[in-house]
Amino acid sequence: MMFEIKSRWSDQVVFSGQYNTLSVCVEAAVTSRANLNGTDLSRTDLSGTDLRGAYLSEADLRGADLRGADLSEADLRGADLIGANLIRANLSKADLSGAYLIGANLIEASLSEAHLSEANLSEADLRGANLIRANLRGADLIGADLSKADLSEANLSEAHLRGADLRGAKN
């Protein structure tokens, strides 16, 4: 079946090909080092996909299912991940600076050494998440659930934590 990955701002096709599923098409695009910045992948099932090192800055991933996906070292600067399902996703060393993760489900996600400066994580569910050495400088964590999260050596300077649940969190 022919799949096309398009820009979120126009109908321009960024990557296309014959694949069994859209998730296989996206993996192929990432493997070929295609620039997926600003693409529309909203509400896409990408659970378990290998997206290591993907170029997804400013991509629309609202409501996407990324459970168990490997997004380590991915460029997600300014990406829209509002309401995305990232349960147990690997986001180690990913750049999520300025990303929108409002209400995202990040239960038990690995965000070790991730760059989350100025990211909006308000109302996000980060229960049990690994945030070791993560940069959360200036991040919006208002109302976020960080219970049992590991925040060892994380940079929380200027982060907004009003109403955040930090019960059982490690620091």
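The values are calculated or read from the model by the stated rules, or taken from the named source; none is laboratory data. Every value quoted in this text rests on a predicted model; they were computed, and no experiment measured them. We place every Cβ from the backbone using ideal geometry, glycine too, and count neighbours over all the protein chains shown. Protein only, heavy atoms only, side chains kept; ligands, DNA and RNA dropped before computing areas. Shrake-Rupley method; radii C 1.70, N 1.55, O 1.52, S 1.80 Å.
Return the only residue of 57, 92 being open to solvent by less than 20 Å² (accessible area, probe 1.4 Å) and part of a loop (DSSP other than H, G, I, E, B).
Working: 92 fails: open to solvent by less than 20 Å² (accessible area, probe 1.4 Å).
57 is the lone residue from the list that is open to solvent by less than 20 Å² (accessible area, probe 1.4 Å) and part of a loop (DSSP other than H, G, I, E, B).
Looking at the structure I just gave you, is residue 47 open to solvent by 10 Å² or more (accessible area, probe 1.4 Å), among the hydroxyl-bearing types (Ser, Thr, Tyr) and outside any loop (DSSP other than H, G, I, E, B)?
Numbers: open to solvent by 10 Å² or more (accessible area, probe 1.4 Å): yes; among the hydroxyl-bearing types (Ser, Thr, Tyr): yes; outside any loop (DSSP other than H, G, I, E, B): no.
No, not satisfied.
Tally up the residues in region 76-91 that are in contact with an Asp or Glu (Cβ under 6 Å, 6 or more places away or on another chain) and over 18 Å from residue 6 (Cα atoms), please.
4
In region 10-26, which residues are within 16 Å of residue 37 (Cβ to Cβ) and either among the small types (Gly, Ala, Ser) or assigned to a loop (DSSP other than H, G, I, E, B) (or both)? Show your work before the answer.
Pass one, region 10-26, residues within 16 Å of residue 37 (Cβ to Cβ): 10, 12-15, 26.
Once the filter is applied, which keeps residues that are within 16 Å of residue 37 (Cβ to Cβ) and either among the small types (Gly, Ala, Ser) or assigned to a loop (DSSP other than H, G, I, E, B) (or both), region 10-26 yields 10, 12.
So, of the residues in region 133-150 that are open to solvent by less than 50 Å² (accessible area, probe 1.4 Å) and farther than 19 Å from residue 99 by Cα, which turns out to be farthest from the chain's Cα centre (by Cα)? Don't jump to the end; show me each part of the working.
Going through region 133-150, the residues open to solvent by less than 50 Å² (accessible area, probe 1.4 Å) turn out to be 134-136, 138-147, 149-150.
The next check asks that each one be farther than 19 Å from residue 99 by Cα; those that pass are 147, 149-150.
Details: 147: 19, 149: 17, 150: 18 Å.
Within region 133-150, the match that is farthest from the chain's Cα centre (by Cα) is 147.
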